[in-house]
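Data first, discussion second: the structure below is written as C-alpha cells.
All of the numbers you see were taken from the coordinates with simple rules; none came from a lab. Computed from a predicted model, the values in this text were never measured in an experiment. Cβ sites come from the backbone with ideal geometry, for glycine too, and all protein chains shown count toward neighbours.
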Amino acid sequence: MQNPGTGTRSGGSLAVSCEELSFSYPGAGQAALSKVSFELCPGEYVGVVGPNGGGKSTLVRLLNGLLRPDSGLVRVSDHDPATEPFEVRKHLGVLFQNPENGLVAPFVEDDVAFGLENLGVPRDEMRDRVAQAIRAVGLEGYERREPHTLSGGEKQRVALAGLLAVEPEVLILDEPTSMLDAAGRREVLERLEALRAEKSVLHVTHHLDELLNADRILVLNGGELVADETPGRVLSDPELLRENRLVLPVVPRLALALGLPANLKTPEQLAEAILTRTGSETRTG
Amino acid sequence: MTSLGQFYPVASPVHGLDPRAKIVATAVLVAGLFLVDSTVGLLFVAVTLMILVALSRIPIRNFLRLLRPVLFIVALTVAFQVFFSREGAIVIEWGFLEVHTGGLWLALFLALRILLLVSAAGLLTATTAPVALADGIEDLLSPLKRVGFPAHEVAMMMTIALRFIPTLGEEAEKIKGAQAARGADFSEGGPLRRARSLVPVLVPLTVGAFRRADELAEAMESRGYRGGEGRTRYRELRFRRKDALALSVTVFILLVGVLL
Amino acid sequence: MNLELRDVHHVYAAGTPFAVEALRGVSLGVEPGEVLGIIGGTGSGKSTLVRHMNLLLVPSSGGVLVDSVDATTLKKSELRRRVGLVFQFPEAALFAPSVEEDVAFAPSRLGLDEEEVEERVRESLRVLGAEDLATRSPFALSGGEKRRVAIAGVLAMGPEVLILDEPTAGLDPATRERLLALIRHLRDAGISVVIVSHDLDEVAEVADRVCALHDGRVRAIGTPAEVFYGNPELAPATVRVASLLKASRPELGDPVRFDETLAALKALPGK
C-alpha cells in the first residue's frame, strides 16, 4: 500500500521493523527491552500496551533515534534511527504525552513551523504547509495564540499539526491523551482517527478503549513482547489482561461478564446485543 | 508575553518599524547621549523623544510608569547637585545650605540625561514585541557567528524563555497554592524567614523546570532540531525605507543635539 | 464537619476588562462521611469551586460555612488543616530531600511534638501503601509513587474533609484502581472526600452524591442515579447501557456502579 509523503518510498516495504531489539539503561539491573521483534506495515494501526516500566517509552525512543539499541535491528522507512536519526525524523513523527513540554515557540503557527525550519524548507513553502497542517487539526484562527492560553486538547492538536507539517509516513503516539480531560481526549482522538487512512500508526496507551479499532495490539511487559494479537483476542483473554495489568473499558468488560463477545465497543452496541439475546428489539430514544 | 509588562500592543508607526532598526537606533541614541554636553541639546532631544512617544500611541501614564524605577536616582542626583554644587551665583541661602545657579543647571542636565536614557530603552521595549526583539537581536548578532559566537543558540534560548515565562508563572502560582493548602505561610516573619518559606516553592519549581527542559529537548530533537545549521526561518524581518528613514532621523537628532 | 457553600459567586480579575465570572451562585454542602463527586467540563468552575472550600479563594459574594460558622472568621491554618486540598498533579509540589520529610511538612506546622508528627507520617504513608518509600528522594519516584506521596502529605494533617482535584489524572489503570479503593477506605473511616473528576465512570464507582457544574452554576445535584439518569449527556457507560434497555426492561432499575449494573443485567430473563 502506497503512502503519500516526502522521500522516496516504495510501496510494500515495511513502515517499521524491529528484530531482536534489546536495550538496557546504564546502571539498571534489568533490561528495559529484551529481544523485541515486530513489524508495522504501511497503513496499519497498531497499539502498544503494558504496565509502566514495561518498555513502551523505551521502544518509542529507540524508534526515533533518541536512544541507541544495545543489540538488534531497527528500521523506520528503510532507515536506521541509530545511524541516520535526522533522516528517520523526516519520516517519523512522535506525539508525546505532556502537551505543555512539546511546544517550543511563543505562537502556534511558529511552533507548527518548527519542524519545517529544522528541515531547511524554504519560507514560501513553509507558509502553505503550516496553514494546511493547522487546518488538518481544526485550529484555523489560532495562528497567533500563545501556548499558555490553550487547553490541553488544543495544545496536543498544535503538537500534532507540527508533526503533520513535516508529512511523515509514520506516526508514533506516546500516551497522547493521558494528561487530557474528557473533552481534550475526544478532540485529539477525532483528529487521529481521521489520519488512519494516510499514515502508519503506533499508538502507545493505557486506555484500551482507544485501541478497539486497531489492527493489532502489542503487549510489552518487563521489556518483553508477550503478545502481538488482534484487539478481539487480547480483550477476550482474561489471563493476558491480568498478567499485564490491563484494564478493560466498561462496555467490553460488561459484555464479557455477560458472556457476549468483547468486540462490543459502545453502549448502543451492547444494549443491542443484550436485547437480541433476550429476544426483543431496541426502541430508539 | 503580554504578562511581561513593558510591551504595549497597539498599532502605531513606531510599532511598525523593523526591530533591528529600533535596536540600532536605541543603541546609537544611548551612546550618543553621552556626547551631548549642553542642557539645551538635551532638551532638544527630549522634545523629539516626546514626539516619538506621542507617535507610538502609548498612553502617557503607561510610559511614565517605565520611568518609575529611576526616579529615586534622579531625585538623589538632583538633590546632590542642587545643594552641594558651588558653581555660579547664589540663588537661595538657608543656613549652611546654598543653592547656586550652576547647581541648578547641572541638576537639570544630569536628570535629563538619566531620564532620556531610560526613556529611549523604555520606548524600545514598549513598542517592540518580545519575539520581535529576539528576532532583531538574532539577526544583528548573526554576523558574529563567523567568529564563533553562538548567535542562533542565544536566539533560541530567548524564544524558549519567552514561550515558557507565562507557563512557569502559572506553575509557581499553583505550587504556592499547594503549599499554602499544606499550611505554608509566605507572609509571616522577617526577610530571612520569608526567604526560607519560599524553599517549598523554589525547589519544586526548579526541579520541574529541569524536567521540562529535558522533555522539551527530546521533543525538539524528535522534530529534527540539530542546531542552527541548515535551518530556515518562518518569521520574516523586512528592512524597509521607513526603517532606514527612522535610523537617519535618529542620527540627525543626535547630531543637532551635540552641536547645540 | 458540615461544610457549606451558600450562593457563592467568584469573579476573577474583577474590575478589569478581563473580568471572568467563574462561579455564578453555587450552593452545596459536603456531608460528614460521604464521597461527593464534582463533575463538569473544562470551564465549568470545578477547580475554582473547590479552592473556596479551604478559602484559597475567597467568594466575591456569598459565604463559606464550616459547622454553620463563617469560614472567613476562622484561623486560616486551622481551616486548611481541617479541609485538606490536593491539587491536580500534586507531585509538582514535592520538594523535600526525602519522602518522610516532605510528608512531615504539613503536620510539623500544627504545633505537635516530634513523635506525633512521625506517627502521622508513618500512618499516612501506610494508608497510601507507600511506607517503603519513606527514605527515598521524592524526585526519584515513578509517577504513581509521587502521586501517593503527595496525597499522603495532605492526609498527614488529619483533615476531616479531603478534596482531591482530578486525583487519577495521568495514572495507569492499576494505580487508578488503588486510589479509588483508598477513597472508599477513607470514607469508611469517617473522612468526607470531595473528588473532582472529568471521568464519569470513575465518579460512578465511588461517589455517594454527585454535583454537576456547568458554566459556573450547579446543573444537578443528588444521588448518582438521580444525576446520571436525569441528565443523559452526563451519564457514564453503565448508565448509558441501562438507559437504553430500560424502555423495554423497566425492571432493570437504576444501577450506577459496575457490579450493580452487571447484576441487574444478568438478572434479565433471556435465552
(request) Would you kindly calculate the translational diffusion coefficient of the range C:1-103, applying Stokes-Einstein with the Kirkwood radius from alpha carbon pairs, for 20 °C and a viscosity of 1.002 mPa s, and quote it in µm² s⁻¹ without decimals? (result) 141 µm²/s
(request) Divide by every residue of chain A the summed helix terms, -39500 (n - 2.57) for each DSSP H run of at least 4, and state the resulting mean residue ellipticity at 222 nm, rounded to the nearest 500 deg cm²/dmol. (result) -10000 deg cm²/dmol
(message) Averaging over every viewing direction, what projected area does the convex hull of the Cα atoms of chain A cover, in nm²?
(response) 17.1 nm²
(request) Could you calculate the contour length gain from B:SER248 to B:PHE84, that is, 0.36 nm times the residue separation minus the distance between their Cα atoms, to one decimal place in nm? (result) 55.0 nm
(request) Mind checking the range C:51-96 for trypsin sites (Lys or Arg not before Pro) that DSSP puts in a loop (not H, G, I, E or B) and that have at most 11 other Cβ atoms within 10 Å? (result) C:LYS75
(request) Relative to the longest principal axis of the C-alpha atoms of chain B, give the angle of the C-alpha long axis of helix B:101-127, reported between 0 and 90° and rounded to the nearest 10°. (result) 30 degrees
(message) Over the Cα atoms of the range C:43-198, each weighted equally, I'd like the Debye log10 I(q)/I(0) at q = 0.16 Å⁻¹, rounded to two decimals.
(response) -0.90
(request) Take every DSSP beta bridge whose two residues both sit in chain A, then give the antiparallel share in percent to the nearest 5. (result) 50 percent
(request) Would you kindly calculate the mean projected area, averaged across all directions, of the convex hull enclosing the Cα atoms of the range A:136-195, in square nanometres? (result) 4.2 nm²
(request) State to the nearest 20 debye the size of the charge dipole of chain A about its Cα centre, where the only charges are +1 on K and R beta carbons and -1 on D and E beta carbons. (result) 420 debye
(message) Checking the a/c ratio against 1.5 first, then a/b against b/c, what shape does the Cα gyration tensor give for chain B?
(response) oblate
(message) Test of the criteria: in the range B:63-123, which GluC sites (Glu not before Pro) are in a DSSP loop and have at most 14 other Cβ atoms within 10 angstrom of their Cβ?
(response) B:GLU87
(request) Using the Kirkwood radius over Cα pairs, work out the Stokes-Einstein diffusion coefficient for the range C:135-271 at 25 °C and 0.890 mPa s, in µm²/s as a whole number. (result) 146 µm²/s
(message) If you build the convex hull over the alpha carbons only and average its shadow over all orientations, what do you get for chain C? Give it in nm² to one decimal.
(response) 16.6 nm²
(message) Can you compute the helix-only [θ] at 222 nm over chain B? Use -39500 (n - 2.57) per DSSP H run of at least 4 residues, normalise by all residues, nearest 500 deg cm²/dmol.
(response) -23500 deg cm²/dmol
(request) At a Cα cut-off below 18 Å, give the lysines reachable from A:LYS90, other chains included and same-chain residues fewer than 8 away excluded. (result) A:LYS199
(message) For the protein assembly as shown, give me the percentage of DSSP beta bridges that are antiparallel, rounded to the nearest 5 percent.
(response) 55 percent
(request) Relative to the longest principal axis of the C-alpha atoms of chain C, give the angle of the C-alpha long axis of helix C:143-155, reported between 0 and 90° and rounded to the nearest 10°. (result) 70 degrees
(message) Can you compute log10 of I(q)/I(0) for the range B:174-260 with the Debye formula, treating each Cα as one identical point scatterer, at q = 0.10, 0.16, 0.18, 0.21 Å⁻¹?
(response) -0.70, -0.77, -0.87, -1.07
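Quick one, can you get me the convex hull of the C-alpha atoms of the protein assembly as shown expressed as volume per residue in Å³?
Numbers: hull volume 174.3 nm³, N = 816.
Each residue corresponds to 214 Å³ of Cα convex hull volume.
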(request) At a temperature of 20 °C and a viscosity of 1.002 mPa s, determine how fast the range C:135-199 diffuses translationally according to Stokes-Einstein, using the Kirkwood radius over alpha-carbon pairs as Rh; express D in µm²/s, rounded to the nearest whole number. (result) 171 µm²/s
(request) Output ³J(HN,Hα) for the range A:226-235: one whole-Hz value per residue in order, computed from phi by the Karplus curve 6.51 cos²θ - 1.76 cosθ + 1.60 with θ = phi - 60°, and x for Gly and Pro. (result) 8, 7, 9, 9, 6, x, x, 5, 5, 5
(request) Report, in deg cm²/dmol and to the nearest 500, the calculated mean residue ellipticity at 222 nm for chain C, where each DSSP H run with n ≥ 4 adds -39500 (n - 2.57) and the sum is divided by the residue count. (result) -10500 deg cm²/dmol
(request) List the extent of the Cα atoms of the range C:102-155 along each of their three principal axes, largest first, rounded to whole Å. (result) 32, 17, 17
(message) Using each residue's phi in the range B:44-61, evaluate 6.51 cos²θ - 1.76 cosθ + 1.60 at θ = phi - 60° and report the 3J(HN,Hα) Karplus result to the nearest Hz, with x for Gly and Pro.
(response) 4, 4, 4, 5, 5, 5, 5, 4, 4, 4, 4, 4, 7, 6, 8, x, 3, 4
(request) Just the ratio, please: alpha-carbon radius of gyration of the range A:205-285 over 2.2 N^0.38 Å, N its number of residues. (result) 1.22
(request) Could you tell me which of rounded, prolate or oblate describes the range B:100-205, using a ≥ b ≥ c as the square roots of the eigenvalues of the alpha-carbon gyration tensor, with rounded for a/c under 1.5 and, failing that, prolate when a/b is larger than b/c and oblate otherwise? (result) oblate
(request) Name the most mobile residue of B:GLY208, B:GLY95, B:GLY148, meaning the one with the largest mean-square fluctuation, in a Gaussian network model of chain B with Cα contacts below 10 Å. (result) B:GLY95
(message) Only counting other Cβ atoms within 10 Å, I'd like C:ILE38, B:ILE58, B:ILE137, B:ILE90 sorted with the fewest neighbours first.
(response) B:ILE90, B:ILE137, B:ILE58, C:ILE38
(request) Please list the non-local residues whose amide H lies under 5 Å from the amide H of A:GLU224, H modeled 1.01 Å from N, same-chain partners needing a gap of 5 or more. (result) A:SER34
